[in-house]
Amino acid sequence: MATPTPDVRDATAAPVVAPSAPQPPSVHVRAVITWLAIFPLVAIGMLLIGPISVDWHPVARAFVLTLIVVPLAVYLVVPQLMRAYGAIRARKAR
């Protein structure tokens, strides 16, 4: 039966340090980025659906607008803005 080999480490070797993952933006930065995505989408959406929704109940108008704006913001606009913010932050860190 073979005996296990003891774990021998070189005491003079530098410790291996894993690169640190970038820190997520603060809640305040995320709120601003989300607002920067939502406000233009809502403003443009209101202009686009305005002519066809004049006689609609305000809740129906809000429902249709959010059906369009929320997926656009969550899947397209906010991720792009977060990437841009991360690139700016990385550039400043260098």
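The values are calculated or read from the model by the stated rules, or taken from the named source; none is laboratory data. Here the structure is a predicted model, which means the values were calculated and not measured. Methodologically, a virtual Cβ is constructed for each residue, glycine included, from the backbone with ideal geometry; neighbour enumeration extends over all protein chains shown. Please note that ligands, DNA and RNA were not included when accessible areas were found on the heavy atoms of the full protein model with its side chains. Shrake-Rupley method; radii C 1.70, N 1.55, O 1.52, S 1.80 Å.
The residues of region 52-94 that are more than 18 Å from residue 40 (Cβ to Cβ), under 15 Å from the mean Cα position of the chain (by Cα) and free of Cβ contacts under 8 Å to residues at least 60 places away in the same chain, listed by number, are 87, 88.
For region 16-52, give me each residue that is in a loop (DSSP other than H, G, I, E, B), modelled with pLDDT of 65 or more and of a type outside the set (A, V, I, L, M, F, W, C). Within region 16-52, 20, 22, 23, 24, 25, 26, 50, 51 qualify. Remark: pairs (first residue in region 19-37, open to solvent by 90 Å² or more (accessible area, probe 1.4 Å); second residue of a type outside the set (Val, Ile, Thr) and modelled with pLDDT under 95; Cβ separation under 7 Å; 6+ apart in sequence or on different chains) = 22/86.
Considering region 38-88 alone, what residues qualify as being exposed (fewer than 12 other Cβ atoms within 10 Å of the Cβ), over 28 Å from residue 24 (Cβ atoms) and β-branched (Val, Ile, Thr)? Across region 38-88, the qualifying residues are 52, 54, 59.
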